[in-house]
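Following: one structure in structure tokens, then a few remarks.
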Amino acid sequence: MSDATVKLEAVERGEPGAAEDLFVLLYAELRRNAAVKLARELPGQTLQPTALVHEAWIRLVGDQNPTFSSRAHFFHAASEAMRRILIERARRKRTERHGGRYRRVDLDGFDPAAPSADEHLLAVHEVLDKMASEHPAEAQLVKLKYFAGMTNEEVAEVMGISVSTVKNYWTFSRAWLLNEIETG
Amino acid sequence: MSAESNSAMQIFTEALRLPPEARRDYLDRTCAGDENLRHKVQALLRANDRAGRFLEELPSAFAGERVQQIGAIEKPGDRIGRYQLQKQIGEGGWGVVFLAEQKEPVRRQVALKVIKPGMDTKSVIARFEAERQALALMDHPQIAHVLDAGATQTGRPFFVMELVRGIKITDYCDQNSLTTRERLELFIKVCGAIQYAHQKGIIHRDIKPSNLLVTLHDGRPVPKVIDFGIAKATEQRLTNKTLFTEFTAFIGTPAYMSPEQAEMSGLDIDTRSDIYALGVLLYELLSGTTPFDRERLRTLGFDEIRRITANQHELLCSRALTEGLQQAEESLDCHVHDGFGNLLACRQVHDMRHVVHRAIDAAAVVDASFDDL
């Protein structure tokens with residue numbers, strides 16, 4: 001039985017600290033896999049969080065017959081771990097742009113549109129916890145869709161709701177987040 | 001979750017299903033008497049109008065950019081091909097060295113050097129392969145063999161070398177309080193190894209104390225030159241599209257860089273760069289410091305380094321070295337009648353390359369008088 005499955009079962013039993021453990025495991029796994037892929041340095045490469053999350057699922061749990069709620073726990077923890085990785089990276093990039101330590105930059109790959117995507121990322125991150133206290137289901141959806149890049153169908157399956165509900169939640173969430181970011 | 005939040009969500013969703021003109025009436029009905037709720041929903045509806053593509057573009061996060069490293073990749077316990085990493089034993093601007101165990105065809109311990117990301121692995125390996133034949137033909141007791149080369153799973157080049165358990169030559173001399181004569185003897189042995197390689201057409205390109213390790217054989221110190229073939233393979237080429245702003249990672253070892261290397265004119269570096277580096281080494285062995293203050297070098301910009309190295313370095317080195325030889329002769333308590341004679345005679349010449357050549361000549365003479373190792 002894999003390490004991840006053990007932790008998932010602990011989460012299901014409601015063991016204290018189990019969710020934290022699961023998060024730590026996934027954080028390490030996702031980060032490591034991202035580094036491995038990035039080291040390959042394929043030209044024009046874009047690395048999608050959703051690919052990393054799904055690979056982690058296959059690698060860590062895959063053929064171990066996880067229960068439905070196990071799957072939910074896994075993807076929630078994975079999306080939180082992905083959130084942290086993305087935020088760390090966006091913050092580091094922001095520091096560097098404002099004159100922090102330099103790194104070698106390949107000008108060919110420079111994308112001037114990228115900064116605003118990062119700004120959105122950081123802004124969403126900052127208000128998301130507040131959203132979770134008022135609208136927990138919607139906030140959970142944002143994490144799965146936005147940080148883990150899951151499709152509507154995948155989110156519906158993990159959360160046990162219909163696809164149309166997912167779409168409604170998503171429309172609401174975008175409005176809520178935008179409103180909060182601009183006026184909050 | 002409050003009932004109000006829930007209803008805000010539901011009212012919002014329902015309102016969107018209605019045509020815009022019907023929304024006001026709908027809100028009047030559902031939010032009757034609850035101004036708070038109404039405000040909330042209206043704010044949300046307005047935000048929805050403005051939302052456009054907001055968040056529709058998911059963070060692709062790792063797009064179009066090369067990241068150096070997110071934490072260390074290879075670590076003890078990892079397996080790279082038929083080598084198992086055991087522990088880290090060195091680190092530099094170019095990458096990391098591990099003590100590793102080779103599993104097959106024989107079990108033995110080796111030094112495995114993984115080059116940092118950011119290099120074009122294919123061309124590094126190709127350049128190494130081009131020299132591999134020549135390297136394999138080298139068989140000298142003072143030259144450590146490079147056994148293998150390849151790419152890790154993460155796509156980085158690695159080299160496997162004969163494990164040399166020794167300490168760098170300058171440290172060895174200092175820690176063991178070697179006399180001038182003993183230092184010269186070590187130096188001459190190093191020259192012998194380099195000359196041997198030059199005769200085979202191989203240039204080291206990165207001679208410096210950390211590539212010259214001293215081990216003990218039967219109680220006698222023996223220097224071993226490591227990293228032959230690696231400097232050439234991993235040599236960076238400048239392109240106009242790349243910015244190097246992290247100085248030390250790029251420049252390597254400025255204290256030992258010869259004028260032609262500093263020029264980076266793209267001309268082939270020949271044996272003269274090695275000779276130059278040997279001159280700097282001799283200076284350091286005799287005086288305990290490099291001709292140019294390392295700390296000062298680190299703070300200079302790249303252009304200044306080039307200027308200094310190209311114009312003045314050699315001159316200053318030569319002067320300093322021959323002064324060092326003068327002092328060396330004064331401190332020697334025996335009459336020089338072996339290979340040192342010509343070497344010390346250089347103190348009048350003020351040309352460090354000339355000095356080194358004399359040392360190389362001395363190596364040929366002196367070789368015969370040392371024990372076979």
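The values are calculated or read from the model by the stated rules, or taken from the named source; none is laboratory data. In this text, all values refer to a predicted model and were calculated from it rather than measured experimentally. All Cβ positions, even for glycine, are placed from backbone atoms using ideal geometry, and neighbour counts span all protein chains on display.
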Query raised in the report: Just for the range B:265-290: of the residues that are farther than 17 Å from B:GLN195 by Cβ and among the polar types (S, T, N, Q), which one is modelled with the lowest pLDDT?
Result: B:SER265
Query raised in the report: What number of residues within the range B:1-35 are at pLDDT 90 or above, within 13 Å of chain A (Cβ to nearest Cβ) and touching an Asp or Glu at 6+ places or on another chain (Cβ under 9 Å)?
Result: 2
Requested in this report: For the range B:37-93, name all the residues that are buried (at least 18 other Cβ atoms within 10 Å of the Cβ), modelled with pLDDT of 75 or more and under 25 Å from A:LYS145 (Cβ atoms).
Outcome: B:LYS40, B:VAL41, B:ALA43, B:LEU44, B:LEU45, B:ALA47, B:ASN48, B:LEU55
Query - the range B:152-178, subset closer than 19 Å to B:GLY90 by Cα and within 14 Å of chain A (Cβ to nearest Cβ), residue modelled with the lowest pLDDT - result: B:ARG156
Query raised in the report: Quick check, is B:LYS224 over 18 Å from B:VAL110 (Cβ atoms), outside any loop (DSSP other than H, G, I, E, B) and either in contact (Cβ under 8 Å) with a residue 24 or more places away in the chain or β-branched (Val, Ile, Thr) (or both)?
Result: no
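To keep it simple, each residue is scored yes or no on (1) part of a helix (DSSP H, G or I); (2) in contact with a helix residue (DSSP H, G or I) (Cβ under 7 Å, 6 or more places away or on another chain); (3) under 18 Å from A:SER69 (Cα atoms).
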residue	(1), (2), (3)
A:GLU126	yes, no, no
A:SER133	yes, no, no
A:VAL142	yes, yes, no
A:MET150	no, yes, yes
A:ILE161	no, no, yes
A:GLU182	yes, no, no
Requested in this report: Identify the residue in the range B:1-36 that is over 18 Å from A:LYS167 (Cβ atoms) and of a type in the set (A, V, I, L, M, F, W, C) and, among all such residues, is surrounded by the fewest Cβ atoms within 10 Å (Cβ to Cβ).
Outcome: B:ALA3
Query - Yes/no for B:GLU101 being assigned to a strand (DSSP E or B) and modelled with pLDDT of 85 or more - result: yes
